[in-house]
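Chemist: The following block contains the structure, expressed as structure tokens.
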Amino acid sequence: MNRRLLALHLSARGASTFVAAVSVTTLLAWASGTWLASRPYFSGAAARIPVVALAPLLAALLLGPTLAAADENLERSTPLPWRTWRASHLLVAALVTAMALSLAGLREPDTYGAHALVRNALGCIGLVAGGAVLLGVRLAWLPAFLYVCAVYAAAPRHTGAIVAAWAWPTQPSTTSASWLTAVTIFALGAASYLHRGSRASAGRRYRPRR
């Protein structure tokens, strides 16, 4: 990739703002998780469930606006291999998000810590990427927000293959079914975004460049 084009791409997508926001989210997740786990009236590591569920969700919501430029149709008119650019953009963003959030849970990575934060980051990013394809970047946050909030409010805390599959945001990272669901969601959302890109503005039609 040409350096100048890369710089223009990152600038158009608000990459610096996204990185700064994820950094702040990581610091807040670390502080909140440490405080919750240290309270005598909470159940130790399990008290970090709100952080594990909501911090990756917030980071993924921050990623949503970067999945398209201000004028998606104008950008698509340029003769660039957009699938390659989308793949690089999404995968690097997912890696940065997962690595940053994992730092907030390194103290106890196996018990609602780093591993669960990485899993939830992948799942939430997949939901946001899929939302961008179906609804456009302005509403890309909606599927992830509704799903994670609904699961957090309704999901039982005990584990089991079926529960772990649909309630993956609140499950311990030791449940393989939760990982399978989150990784599948990420793969499907990423594949859809790479193939189609974000939905263009209402009233406009486009043909995805290959």
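The values are calculated or read from the model by the stated rules, or taken from the named source; none is laboratory data. Because the structure is a prediction, the values reported are computed rather than measured. Methodologically, a virtual Cβ is constructed for each residue, glycine included, from the backbone with ideal geometry; neighbour enumeration extends over all protein chains shown. With ligands, DNA and RNA removed, areas are computed over all heavy atoms of the protein, side chains included. Shrake-Rupley method; radii C 1.70, N 1.55, O 1.52, S 1.80 Å.
Chemist: List the helices (runs of 4 or more DSSP H) inside the stretch 97-210, counting only whole elements, that have at least 2 residues being open to solvent by 10 Å² or more (accessible area, probe 1.4 Å) and at pLDDT 95 or above.
Modeler: Where helices (runs of 4 or more DSSP H) fall fully within the stretch 97-210 and carry at least 2 residues being open to solvent by 10 Å² or more (accessible area, probe 1.4 Å) and at pLDDT 95 or above, they are 114-135, 141-154, 176-196.
Chemist: On to the next question. Condition test on Thr25, is it at pLDDT 95 or above and buried (at least 18 other Cβ atoms within 10 Å of the Cβ)?
Modeler: Taking the combined requirement at face value, the residue satisfies it.
Chemist: Which residue pairs have Cβ atoms closer than 7 Å, lie 6 or more positions apart in sequence or on different chains, and pair a first residue in the stretch 123-150 that is within 18 Å of Thr181 (Cβ to Cβ) with a second residue that is among the aromatic types (Phe, Trp, Tyr)?
Modeler: Qualifying pairs under 7 Å: Gly123/Trp168; Gly123/Phe186; Ile125/Phe186; Gly126/Phe186; Leu127/Tyr147; Val128/Trp141; Ala129/Tyr193; Gly131/Trp141.
Chemist: Picking from Leu54, Leu36, Leu58, which residue would you name as being modelled with pLDDT under 90, part of a helix (DSSP H, G or I) and closer than 16 Å to Thr170 by Cα?
Modeler: Leu36
Chemist: Of all residues in the stretch 6-22, which are at pLDDT 80 or above and either among the hydrophobic types (A, V, I, L, M, F, W, C) or in contact with a strand residue (DSSP E or B) (Cβ under 8 Å, 6 or more places away or on another chain) (or both)?
Modeler: Ala15, Phe18, Val19, Ala20, Ala21, Val22
Chemist: Moving on. Tell me whether the stretch 65-80 contains one or more residues that are modelled with pLDDT of 95 or more, aliphatic (A, V, I, L, M) and either within 21 Å of Gly197 (Cα to Cα) or surrounded by 19 or more Cβ atoms within 10 Å (Cβ to Cβ) (or both).
Modeler: no
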